[in-house]
Amino acid sequence: MSESAPAIAVIIDRYLRHLAIERGLAANTLAAYRRDLDGYASFLAESGVETPEGVEPAHVAAYARRLGSRPEGALVASSMARMLSSVRGFHRFLLGEGLVQTDVASDTKPPKLGSRLPKAITIEQMGQVLAATDGDEPQQLRDKALLELLYATGARISEAVALNVDDVIDGDVVRLFGKGGKQRIVPVGSFARAAIDTYLVRARPGFSLRGTSTPALFLGARGQRVSRQNAWLIIRAAAERADLGFEISPHTFRHSFATHLLQGGADVRVVQELLGHSSVATTQIYTQVTADTLRDMYTTAHPRAR
């Protein structure tokens, strides 16, 4: 083997160093690239290919077919797409470094991924979940305030637990800090306002006495800021008490917030601002959800729809 034709394994190491230094990828991401490319290198070795210049488009195509028909079971589309993306990136690197004359992976396309529609629950189901936090105990008052706030504002769970008392402005709006520290002001409805006011007066002072002084809005039993994990457990417990028959997550509140607003006639760009999306395209996935709902209702109700 000549110096001008290094082994594929050597180039993979060089490529991963490039990703680490030039693109600053996290260790876990680099480990995933390593697994994907080691598997690819093993496949090429089985085919008698040991250097980059020996790889042909047919090898990449054969590898893609292998991923879709493995003896232990075909990969799901998302995993297959990720692995082929790793391979395509590797071959672009080879071309950019002048180690090959052509990008032999350019014609191998990853499988198309279906749209992952947000999962929202109905208005009635949301009412059941919120009612499941009713009660006069401090913990119940806190849980009610947290869940009402999530549904009223569409806040991410990380945004909600990061709130300080001063971020609730005059009881009418809340100041949320989203991704990249981007700030947005979101109105708070009357139900959430009442729940937060009750919690601040009747529950939070008691929690606060049990810990060090903290400006956090939502406090745990020991006076510390409620964590994302604790908030998730609060939501899961409420769903169980509501007897929904399925689990919900913190993001269920955000998805339901957006979906119910659009169903009520809100403009998609208004919802975009409330959610803190940088692009309206991200928000428009919710319009597909409401369109599907309208289609189902039409099919059920119109005498000539079936």
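A few comments on the model shown:
- Averaged over its residues, the chain has an accessible area of 55 Å² per residue, based on protein heavy atoms and a 1.4 Å probe.
- Largest GNM mean-square fluctuation among ALA31, ALA81, ALA258, using the chain with Cα springs under 10 Å: ALA31.
- Computed with a 1.4 Å probe on the full set of protein chains, the accessible area for HIS277 sits at about 30 Å².
- Neighbour net charge for HIS260 - beta-carbon separation under 12 angstrom, K R +1, D E -1: 0
- Sulfur and carbon atoms: percent of accessible area, the chain [1.4 Å]: 51
- Result for the chain in a Gaussian network model with C-alpha springs under 10 Å: among ASN230, ASN28, ASN164, the largest mean-square fluctuation is at ASN28.
- Here the Karplus relation 6.51 cos²θ - 1.76 cosθ + 1.60, evaluated at θ = phi - 60°, turns the backbone of the range 200-210 into coupling constants of 5, 7, 9, 10, 4, x, x, 4, 4, 5, 8 Hz, with x for every Gly and Pro.
- In Å, descending, principal axis extents of the Cα set of the chain: 77, 64, 36
- Our summary of shape: the Cα atoms of the range 17-69 have principal axis extents of 32, 26, 16 Å, ordered from largest down, in whole angstrom.
- If R0 equals 51 Å, the separation of the Cβ atoms of GLN229 and ILE21 corresponds to a calculated FRET efficiency of about 0.90.
- Counting only protein chain heavy atoms and rolling a 1.4 Å probe, the accessible areas of MET80, MET126 rank, largest first, as MET80, MET126.
- Annotation note: chymotrypsin sites (Phe, Trp or Tyr not before Pro) in the range 198-290 located in DSSP loop regions with a Cβ neighbour count of at most 16 within 10 Å are PHE246.
- The mean sequence separation of alpha-carbon pairs under 8 Å and at least six residues apart, normalised by the residue count of the chain, gives a relative contact order of 15 percent.
- In straight-distance terms, cross-link reach from LYS179 covers every one of the aspartates and glutamates whose alpha-carbon lies under 16 Å from its own, apart from those fewer than eight places away in the same chain; here that gives GLU159, GLU273.
- Solvent-accessible surface (1.4 Å probe) assigned to ILE8 amounts to roughly 10 Å².
- Loop-resident trypsin sites (Lys or Arg not before Pro) (DSSP state other than H, G, I, E or B) in the range 209-283 with no more than 13 further Cβ atoms inside 10 Å of their Cβ: ARG210, ARG222.
- Ordered by solvent-accessible area of protein heavy atoms (1.4 Å probe), largest first, the residues ILE285, ILE12 come out as ILE285, ILE12.
- Here the range 239-278 was treated as a single set of alpha-carbon atoms; its pair distances binned every 10 Å from 0 give 26, 44, 23, 7 percent.
The values are calculated or read from the model by the stated rules, or taken from the named source; none is laboratory data. Note that the structure is predicted; figures quoted are calculated from it, not measured. Cβ atoms come from the backbone with ideal geometry, glycine included; neighbour counts cover every protein chain shown. Side chains are part of the model used for accessible areas, which takes the heavy atoms of the whole protein and leaves out ligands, DNA and RNA. Shrake-Rupley method; radii C 1.70, N 1.55, O 1.52, S 1.80 Å.
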